[in-house]
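The values are calculated or read from the model by the stated rules, or taken from the named source; none is laboratory data. Remember, it's a predicted structure, so these values are computed and weren't measured experimentally. Note that we place each Cβ from the backbone using ideal geometry, even for glycine, and neighbour counts take in every protein chain shown. Heads up: the accessible areas ignore ligands, DNA and RNA and are worked out on the full protein's heavy atoms, side chains in. Shrake-Rupley method; radii C 1.70, N 1.55, O 1.52, S 1.80 Å.
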Amino acid sequence: MSDICHLTGTILTAHAPGPSIFRDRNFILFLTGQAISTQGLWIEKIAMSWLAWSLTGSAFWTGLIAALHFAPAFFFGPVFGVITDRVDLRRAAIFLNLLMACTSFFLMGLSYSGHVTLGWMVVIATCNGILASATTPVRLSLVPAIVPREYMSRAVTYAAMNFNLSRLVGPAIGGLVIAWFDVGTAFLLNAISYLPFIVAMMLVRINSVSGSQIPHRRIWAALIDGARYAIGDPMIRAMLLLSCVIAIVGRGMLELMPVFAEAAYDSGVTGLGVLSSAGGLGAVISTFILSRTKSDPQSFQRVAVLGAFLSGAAMLALCFCPWFELAVFLVGVAGFGLTAVGVGSQTALQLTVDNTLRGRVMSFWSATSFGGVALGGTVLGAISQWTDIRVTAGGAGLLIMLVALVAIWRLGRAVSPEMSAAE
């Protein structure tokens with residue numbers, strides 16, 4: 001516990017104010033477009049989860065549909081990372097967002113015509129997962145290409161705050177839209193939401209290393225180069241490992257919110273929206289605190305480790321939680337901690353990685369993070385088929401706490417010699 005207090009104090013006293021990111025026109029355009037598109041993304045996400053649960057009544061299928069949105073990132077993400085290091089980021093972002101809008105329009109058509117089946121949901125979720133695995137390294141490479149170096153950490157955290165604010169508002173809107181109208185309307189809103197981001201991408205200035213300046217080696221050789229670089233750097237290696245573990249047993253658990261809402265608390269789609277929004281609120285608060293953290297990789301690494309401990313404690317508490325209102329609070333705390341892991345690890349990597357390898361390294365991060373969610377959602381959903389969902393959450397939380405305590409102990413040992421040398 002003394003290690004936890006010591007690391008917390010190190011983070012809180014490390015902040016040094018910097019220039020305001022909101023003076024940068026490029027970032028404002030990017031943030032505005034992203035703010036609208038991510039609202040639609042979360043509306044569609046809750047619609048897909050609710051539709052899967054409504055069609056099957058199965059925690060396994062609900063977890064699998066959610067997993068298919070992320071699983072392709074594990075298999076294809078690194079390949080798309082190599083491609084990202086070679087292509088024009090603006091054109092890639094516009095093209096991929098147009099494709100995602102098309103899949104949403106197709107879902108809307110299936111819903112309105114009454115032809116939505118589990119098979120179609122599996123196909124579309126897989127297509128969305130492939131598109132997401134291509135989009136993620138592009139999106140993560142865009143922020144450093146849009147803003148100057150001195151704005152980097154704040155740009156990353158505010159972009160994450162925007163994403164998680166959408167996670168707060170989007171599910172609530174989605175729940176209301178489904179309750180008042182239908183899931184087809186939710187899919188329509190998501191399809192339209194991509195258009196402002198496409199317009200924003202046409203207007204921003206992008207300053208990055210062009211693909212022609214990066215040696216075009218074979219994809220396999222380029223992947224090996226990126227992997228050697230990631231494994232050889234202790235910071236990158238540690239953040240990739242932590243984000244993978246937390247994604248499997250942490251975010252994988254949150255993918256089963258429809259099961260929590262219905263099976264554990266009998267609260268329906270409205271309860272699902274409330275639980276998802278609680279996680280989003282915790283995420284927004286977390287990213288605000290992250291925006292006040294000192295702009296160096298070590299500080300964000302410590303934030304990620306402490307966030308892992310906090311999220312594990314909240315999930316363990318869910319195991320013993322009989323009241324929906326308390327569960328809402330605990331899901332908010334879990335969202336806070338899991339976001340600290342996700343954004344903290346992502347920012348630490350962004351501040352460490354070499355520009356010519358950024359797409360590959362960030363694709364490794366997305367592969368471990370989103371691939372972990374896919375695996376965790378499927379496995380935890382299957383476990384929840386034969387045991388109470390609260391027991392699954394408790395086991396996941398206990399495992400996260402053990403991993404976090406080991407990481408805190410190791411960081412505490414690393415910080416102590418630094419402090420002694422400074423004295």
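For Asp182 paired with Phe320, estimate the spin-label separation in nm (one decimal), with each label point 7 Å from Cα along the Cα-to-Cβ line.
Placing both labels 7 Å along Cα→Cβ, they lie 4.7 nm apart.
Of all the accessible heavy-atom surface of region 263-338, with the other protein chains kept in place and a 1.4 Å probe, what percent is carbon and sulfur?
72 percent
Considering only protein heavy atoms, what per residue accessible area in square angstrom results for region 264-359 with a 1.4 angstrom probe?
Accessible surface, normalised per residue, equals 31 Å².
Under a point spin-label approximation (7 Å from Cα along Cα-to-Cβ), what is the Ser54-Arg237 distance to one decimal in nm?
A separation of 4.9 nm, rounded to one decimal place.
Could you give the nm distance between label points at Leu203 and Leu98, where each point is 7 Å from its Cα heading toward the beta carbon?
Going by the 7 Å Cα→Cβ label model, 2.0 nm.
With a ≥ b ≥ c taken as the square roots of the eigenvalues of the C-alpha gyration tensor of region 100-142, please select rounded if a/c is under 1.5 and otherwise prolate if a/b is larger than b/c or oblate if it is not?
oblate
Just to verify a number: FRET efficiency for Ala227 and Arg292, C-beta to C-beta distance, R0 = 45 Å, to 0.05?
In this case the efficiency is close to 0.85.
What ranking do 303-311, 106-114, 124-132 get when scored by the average of other Cβ atoms within 10 Å per residue, highest first?
303-311, 124-132, 106-114
Using a 1.4 Å probe on the protein heavy atoms, what percent of the accessible area of region 28-83 belongs to carbon and sulfur?
After summing per-atom areas, the C and S share lands at 81 percent.
If Arg139, Arg218, Arg358 are ordered by their accessible area, calculated over protein heavy atoms with a 1.4 Å probe, which sequence runs from highest to lowest?
Arg218, Arg139, Arg358
Let me check something: with ligands and nucleic acids excluded, how do His69, His115 order by accessible area (1.4 Å probe), largest to smallest?
His115, His69
Give, in nm to one decimal, the length gained when the segment between Leu398 and Ala382 is fully stretched (0.36 nm per residue of separation minus the Cα-Cα distance).
Going from the current span to full extension adds 3.9 nm.
Might you tell me the accessible area per residue for region 64-141, computed with a 1.4 Å probe and given in Å²?
41 Å²
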